[in-house]
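Undergrad: Would you mind keeping the following structure in view while I ask a few things?
Derivation of every value follows stated rules applied to the coordinates shown; laboratory data play no part. Values in this document were obtained by computation on a predicted structure and should not be read as measured data. With ideal geometry, Cβ positions are generated from the backbone for all residues, glycine too; neighbour counts draw on all protein chains shown.
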Amino acid sequence: MCIAYLALATDPQWPLFIAANRDEFHQRPTRAAAPWPDYPHVIGGLDLQAGGTWFAVSTQGRFALLTNFRDMFPATGLEKSRGELPKQFLIQTLSAQDYIQQVAEQGHLYQGFNLIVGQWHAQKAEFECYYYSNRNDTQPQALAPGHYVLSNHLLNTPWPKSQRLCERLQHYLSAQTPASISEVYAILRDEQKAEDHLLPQTGLSLERERLLSSPFIISPDYGTRSSTVWQVSQSGHSFFHECSYNPQGKETERHSWPLLL
């Protein structure tokens, strides 16, 4: 996953809203969102190459999402798979706080990543969420109510595509709740690229920075593979929605899974 927007406790009727795009090489084998064969209480996509995930939720009220941190540190080949980080939270019973602290203690074993984990508390009708990046010197951060955007740098880094997506979804949700999934997908399919003088400098070529500067990416080898939307009501009712795309950026299939947390 390369960009995600979160609205946490910004609407009393809708304690959590997440909309995200996953960008990946088209040749990397992937399974679309569905209950996991070995853990049917978990719903989300699966990376069939390394066995992990990028965004998934559980009927136990847990969710986890991951993005890679874009930097030029060379891999040693000994690092653990980052996709295991969200997966392990969803199949374990550690609290969100204890799990994110455990991840922070082992962050050096992975290439750069951002991780958000959350746990639903039904009696309070609210989520307890934490963020951690192993490319940040700080400890895990408890997320206060508010709007957040996460791409391939630290949380709320003002990259043009991050600011654009956050502003558009925040404006949309201020006028429309519950959200129309088709309308949210349309916002996520934003192909507008940033002007060159606004591009981040992460060590990639100018051509590559341009390609990656839109919320929705289309290219023959790499691009947005899927969009995911999860909206949770105060009563704990929710739907986990996913839309998949081909290398031309055309929609190929949709899946929706109801959950009662």
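Undergrad: If you check every pair at least six apart or on different chains, which have Cβ atoms under 6 Å apart with a residue in region 154-171 that is surrounded by fewer than 21 Cβ atoms within 10 Å (Cβ to Cβ) first and a residue that is in a loop (DSSP other than H, G, I, E, B) second?
TA: Close Cβ pairs satisfying both conditions: LEU154/ASN136; PRO160/ALA194.
Undergrad: Does region 6-17 contain any residue that is crowded, with 18+ Cβ neighbours inside 10 Å and on the phi > 0 side of the Ramachandran plot?
TA: The answer is no; no qualifying residue exists.
Undergrad: Hey, another quick one. When you go through (1) over 30 Å from ARG62 (Cα atoms); (2) part of a helix (DSSP H, G or I) one by one for ALA194, which number turns out not to apply?
TA: All conditions are met except number (2).
Undergrad: Of the residues SER226, SER256, SER235, SER205, which single one is buried (at least 19 other Cβ atoms within 10 Å of the Cβ) and either in contact (Cβ under 8 Å) with a residue 60 or more places away in the chain or among the small types (Gly, Ala, Ser) (or both)?
TA: Residue meeting the stated conditions: SER226.
Undergrad: What's the total number of residues in region 175-196 that are small (Gly, Ala, Ser), farther than 13 Å from ILE217 by Cα and touching a helix residue (DSSP H, G or I) at 6+ places or on another chain (Cβ under 8 Å)?
TA: 1
Undergrad: Right, another one. If you check ARG210 against the conditions, is it in a strand (DSSP E or B) and of a type in the set (Lys, Arg)?
TA: Criteria not met by ARG210.
Undergrad: I've got another one for you. Check PHE216, PHE240 and return the single one that is touching a residue at least 60 places away in the same chain (Cβ under 8 Å), within 16 Å of the chain's Cα centre (by Cα) and assigned to a strand (DSSP E or B).
TA: It is PHE240.
Undergrad: Scan (1) crowded, with 16+ Cβ neighbours inside 10 Å; (2) closer than 24 Å to ARG168 by Cα for the single condition GLN119 breaks and write down its number.
TA: So GLN119 meets the others, but not (2).
Undergrad: Restricting the search to region 134-157, which residues are under 14 Å from ALA64 (Cβ atoms) and either touching an Asp or Glu at 6+ places or on another chain (Cβ under 7 Å) or not aliphatic (A, V, I, L, M) (or both)?
TA: Hit for region 134-157 is PRO140, nothing else.
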